[in-house]
1. Within the range 20-34, how many residues turn out to be at pLDDT below 90, near the ligand (Cβ under 9 Å from one of its atoms) and either assigned to a loop (DSSP other than H, G, I, E, B) or touching a strand residue (DSSP E or B) at 6+ places or on another chain (Cβ under 8 Å) (or both)?
2. Among the numbered criteria (1) more than 27 Å from Ser184 (Cα to Cα); (2) charged (D, E, K, R); (3) part of a helix (DSSP H, G or I), which single criterion is violated by Arg72?
3. Tally up the residues in the range 185-212 that are in contact with a Leu (Cβ under 7 Å, 6 or more places away or on another chain), crowded, with 22+ Cβ neighbours inside 10 Å and in a helix (DSSP H, G or I), please.
4. Being hydrophobic (A, V, I, L, M, F, W, C), closer than 29 Å to Leu133 by Cα, free of Cβ contacts under 8 Å to residues at least 60 places away in the same chain and more than 16 Å from the ligand (Cβ to nearest atom) narrows it down to one residue among Leu54, Leu43; which is it?
5. I'd like the full set of residues that are touching a Leu at 6+ places or on another chain (Cβ under 9 Å) and outside any strand (DSSP E or B), limited to the range 107-131.
6. Tally the residues that are near the ligand (Cβ under 7 Å from one of its atoms) and more than 20 Å from Val229 (Cβ to Cβ), restricting the search to the range 5-15.
7. Would you tally the residues in the range 70-86 being farther than 21 Å from Ala183 by Cβ and either under 11 Å from the mean Cα position of the chain (by Cα) or crowded, with 18+ Cβ neighbours inside 10 Å (or both)?
8. Just wondering, is there one or more residues in the range 198-208 that are over 25 Å from Ala28 (Cα atoms), among the small types (Gly, Ala, Ser) and within 16 Å of the ligand (Cβ to nearest atom)?
Amino acid sequence: MLTGAGVSQESGVPTFRGEEGLWRQYRAEELATWQAFETDPRLVWSWYDYRRQLVSDSEPNAAHLAIADLERGFDGFTLITQNTDGLHERAGSEAIVELHGNIWRARCTREPCACYQTVCELTENPLSEIPPLCAECGALLRPDVVWYGEPLPMDAYERSHVVASSCEAMLVVGTSAVVHPAASLPLVAKHAGAFVVEVNTAYTPISALVDATLLGRAGDVMPEVASRVLEARGEAERASADPVSNSAPA
Ligand code: APR
């Protein structure tokens with residue numbers, strides 16, 4: 001499973017490139033880059049504080065819950081998400097690979113320093129101090145997210161690549177599939193022989209490459225997909241558990 005901002009849209013969390021998209025109001029370069037942070041850490045943190053408050057006032061929606069249901073129904077299920085809002089975890093998902101980090105964590109920025117890049121939970125909301133400082137050395141903290149021009153966390157990227165190249169099926173939900181390397185994962189899965197289905201309110205650059213595109217809101221489509229898949233799974237298990245009574249009459 002690969003998800004993007006479209007999954008959180010029905011929870012009231014703006015996407016990045018949609019009508020109400022964040023990147024329509026702000027320039028990504030002005031807020032989601034190391035250079036922007038170095039230039040004005042107060043501005044960047046004020047923006048994250050605004051998003052953290054917005055997310056904490058939101059609830060996981062039916063799509064998040066359906067994805068957590070699918071995880072409980074399948075051993076070896078992995079959720080690779082580009083979302084940094086933590087709503088998947090709040091919905092009960094556990095096997096999560098956060099490709100772009102998480103806005104509820106932060107890292108120390110002082111280099112060299114014993115706590116350089118040390119990740120800490122930053123759950124205070126709203127932040128009483130902007131920008132927040134490292135409790136160890138008093139240096140600036142930065143959000144534990146991947147900004148433009150930065151590499152993905154190596155462990156998360158490697159894990160997502162292993163999952164994509166070994167899965168039998170992949171659902172790609174609510175992503176515009178334009179930001180790499182995340183956007184290449186459905187193609188990695190496809191080339192490895194997986195059945196790849198996209199769920200989105202609009203076609204995307206990978207629509208011509210995947211096996212099927214289910215057009216609709218994730219909150220409407222995913223509960224339906226989850227219940228049908230889990231039902232089929234149940235039937236398959238019953239059939240294999242009792243082949244005789246489930247075989248065609250002689
Ligand atoms: N249900 C399903 N899909 C939806 C819904 C919805 N309710 N609402 C919007 N979408 C779709 C849009 O059509 C679009 O294809 O979700 C996608 C959201 O795309 P983006 O805003 O580009 O978000 P995402 O793909 O997650 O962005 C990738 O870019 O800005 C960076 O780091 C940030 O992780 C983010 C990355």
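The values are calculated or read from the model by the stated rules, or taken from the named source; none is laboratory data. From a predicted model like this one, the values you see are computed outputs, not experimental measurements. No Cβ is skipped: glycine too gets one built from the backbone with ideal geometry, and neighbour counts run over all protein chains shown.
1. The number of residues fulfilling the criteria is 1.
2. (1)
3. The qualifying residues number 2.
4. Sole residue among the options that is hydrophobic (A, V, I, L, M, F, W, C), closer than 29 Å to Leu133 by Cα, free of Cβ contacts under 8 Å to residues at least 60 places away in the same chain and more than 16 Å from the ligand (Cβ to nearest atom): Leu43.
5. Narrowing the range 107-131 to residues touching a Leu at 6+ places or on another chain (Cβ under 9 Å): 107-110, 120, 122, 131.
Scanning the range 107-131 gives Thr109, Arg110, Leu122, Pro131.
6. Selection size over the range 5-15: 4.
7. 3
8. So far as the range 198-208 goes, yes, one or more of its residues are over 25 Å from Ala28 (Cα atoms), among the small types (Gly, Ala, Ser) and within 16 Å of the ligand (Cβ to nearest atom).
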